[in-house]
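Trainee: One structure, pasted below without further comment.
The values are calculated or read from the model by the stated rules, or taken from the named source; none is laboratory data. Because the structure is a prediction, the values reported are computed rather than measured. All Cβ positions, even for glycine, are placed from backbone atoms using ideal geometry, and neighbour counts span all protein chains on display. The accessibility values were calculated without ligands, DNA or RNA, using every heavy atom of the protein model including side chains. Shrake-Rupley method; radii C 1.70, N 1.55, O 1.52, S 1.80 Å.
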Amino acid sequence: MMQTLVGHTSAELTELLTSKGLPGYRGKQLGKGLYTRFLRDFEGFTDLPKALREQLAQEFTLAPCTERSIQSAPDGTEKYLLNLPDDEVIEAVYLPYDERTSVCVSSQVGCPMACSFCATGTEGLARNLTAGEIVDQLLFMQAKHPEQRISHLVLMGMGEPLLNLPNVLKALRLIHDEVGLSYRNITVSTIGVVPAMEKLAAENLPITLAVSLHAPNNTLRSELVPLNEKYPISRLLEACRDYVEATSRRITFEYVLMAGINDTEKEAHELGALLRRQPLCAVNTIPYNTTDVAARYQRPTPEAARLFREIVASYGVNITQRYEKGHRIAAACGQLKRSTLKLGSTMRPLPLLSEVPTEAVPEPGA
Ligand code: SAH
C-alpha cells in the first residue's frame, strides 16, 4: 500500500519528501494544500511544478477517505459514509448551526465497549483509525463545503476515542496546528476509560471532555455500560475531579434519556444528589435515538425529559438538553451499525484493555 500524506505534519511531510529524494522544502506547501486548502488530488497543487506533482502521485496516496455515500436531512445535516483504504467504512456527520458549523467524527471502526443501547457497540471493534483517517473526515467534509468554515469538532461518531488515545492525540494536534481549529472548539467524548482519562489530563489540552454517564447508580449503569464493572461510578467521578483539577476545564456528563429505564423521577433525584458536589461540571441530556438493535430502549416524552431536567437542576446542577439534528437520516448518536455498512467483514472479539495501544500507529505504508 502506498503512503498516505494526510496524517503527517508539515515537518513530517518535509522528511517524507527528502526520504524519497524529492525536494523537502516543498513539505510546507504540501501541508498547506492538504490542511488549509483541503485539496483532494495532486492536480490541485498548482503552486508545485507539474513534474513534481506527477512524481508525488506515483509515490503517495493523498488522503485515506473516499466517498461511499452522502445523505442529507432537511435541517442541513449530512451523513457521510466514507471508505477507508482497507475497505472498512466509517461514518462522519456534518452539522450546520446558525452560529457555528460542527462535525462529528469517528475514532474507531466499530467499538469494543458493547453498551447495551448503542448500535455501534453491538458488533465489536474491527480496528482503530489512524490519525490521518480521523483528520481526513474533517478535511473531506470541509472540501465539500468550501463556503462554510467548519469551526467545531466532536469525537462522538463510531468508537471509543480513549481506547485509541495516541492516534486521537496526534489527530487533535494536526487539527489544531495545521488546520487551525481552536482546542476550545473540540470535544472528546468517552464512556469513562479511567487510565486514559488520566493520560489525557496530563496532556492538559484546553479541549472539552464529555463523559457518558447515563445512570446515577452502579446497578443501572452496569446494565447499560459494561465498562462500569471495571470503573464504577465513584472511581469515574474521582477521575473526573482529577481531570478538572489538572486542566481547569469543565466536564460535560452525557446522559441519554431512555423511557422508563433511566429517566424517572427516582433517577433524576439520584443524579442531582450524585453531582451536586462534583466540581466544574454540567449535564447534557440526549433523548434516545431508537435503533433496530434494542427495542426495549425508547425515546422519552418531552414532558418526561423536562421534568427530569427540572429535578436535577433543583440540586444546583447545570443541565441542558442537546439540540438534536440528524435523527431522520440515522446520523444521530449511536445509530450507526457496522454490518449495515460492510458485509462479510471479520470482527475481532472484544479486546482486553491491556491490548490498548500506547503508541500512535504509523500511517499505512510507513
Ligand atoms: N464512545 C464515546 C463516544 C461515542 S458516542 C462515548 O461513549 O462517549 C457519543 C454519545 O452518544 C455517547 O454519549 C453515547 O452513549 C451516545 N449514544 C449511543 N447510542 C445512542 C442512541 N441510540 N441514542 C442517543 N445517544 C446514544
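Trainee: Add +1 for every Lys or Arg and -1 for every Asp or Glu among the other residues with Cβ under 11 Å from the Cβ of Ala11, and state the total. Walk me through the numbers on the way to the answer.
Mentor: On the way: positive: Lys28; negative: Glu12, Glu15, Asp177, Glu178.
Net charge in that neighbourhood comes out at -3.
Trainee: Okay, moving on. Using a 1.4 Å probe on the protein heavy atoms, what percent of the accessible area of segment 265-321 belongs to carbon and sulfur?
Mentor: Ligands and nucleic acids excluded, carbon and sulfur give 49 percent.
Trainee: Further question: On full extension of the chain, what length is gained from Asn217 through Thr18, given 0.36 nm per residue of separation minus the C-alpha to C-alpha distance?
Mentor: Details: separation 199, 0.36 × 199 = 71.64 nm, distance 5.64 nm.
Difference between extended and current length: 66.0 nm.
Trainee: Let me know the charge dipole size of segment 3-61 about its Cα centre in debye, to the nearest 20, where only the beta-carbon of Lys, Arg (+1) and Asp, Glu (-1) is charged.
Mentor: Numbers: 8 positive and 7 negative charges, 32 e Å.
Roughly 160 debye for segment 3-61.
Trainee: Sticking with this one: Given the pairs Lys28/Lys199; Lys170/Lys230; Lys32/Lys79; Lys170/Lys199; Lys20/Lys50; Lys50/Lys170, which span a C-alpha to C-alpha distance of over 23 angstrom in this model?
Mentor: Values: Lys28/Lys199 31 Å; Lys170/Lys230 27 Å; Lys32/Lys79 27 Å; Lys170/Lys199 14 Å; Lys20/Lys50 17 Å; Lys50/Lys170 31 Å.
Pairs exceeding the cut-off: Lys28/Lys199; Lys170/Lys230; Lys32/Lys79; Lys50/Lys170.
Trainee: Okay, moving on. Rounded to the nearest 500, what is the 222 nm mean residue ellipticity of the chain from helices alone, with -39500 (n - 2.57) per DSSP H run of 4+ residues and division by all residues?
Mentor: Numbers: 10 runs with 108 residues, N = 366.
So the helix-based figure for the chain works out to -9000 deg cm²/dmol.
Trainee: Send over a whole-number figure in Å² for the accessible area per residue of the chain, probe 1.4 Å. Numbers along the way, then the final one.
Mentor: Values: 15470 Å² over 366 residues.
Ligands and nucleic acids excluded, the result is 42 Å² per residue.
Trainee: Any chance you could list P(r) for the chain, counting all Cα-Cα pairs in 10 angstrom bins from zero, rounded to whole %?
Mentor: 5, 24, 33, 24, 10, 4, 1
Trainee: Quick one: with all protein chains in place, what share of the accessible area of segment 3-61 is carbon or sulfur, to the nearest percent (1.4 Å probe)? Don't jump to the answer; show the numbers that get you there.
Mentor: On the way: 1500 of 2880 Å².
Using a 1.4 Å probe with all protein chains present, segment 3-61 comes out at 52 percent carbon and sulfur.
Trainee: Ok, one more. Starting from the Cα-Cα distance between Glu310 and Ile70, subtract it from 0.36 nm times their residue separation and give me the gain in nm to one decimal. Spell out each step's value before the answer.
Mentor: On the way: separation 240, 0.36 × 240 = 86.40 nm, distance 3.82 nm.
Going from the current span to full extension adds 82.6 nm.
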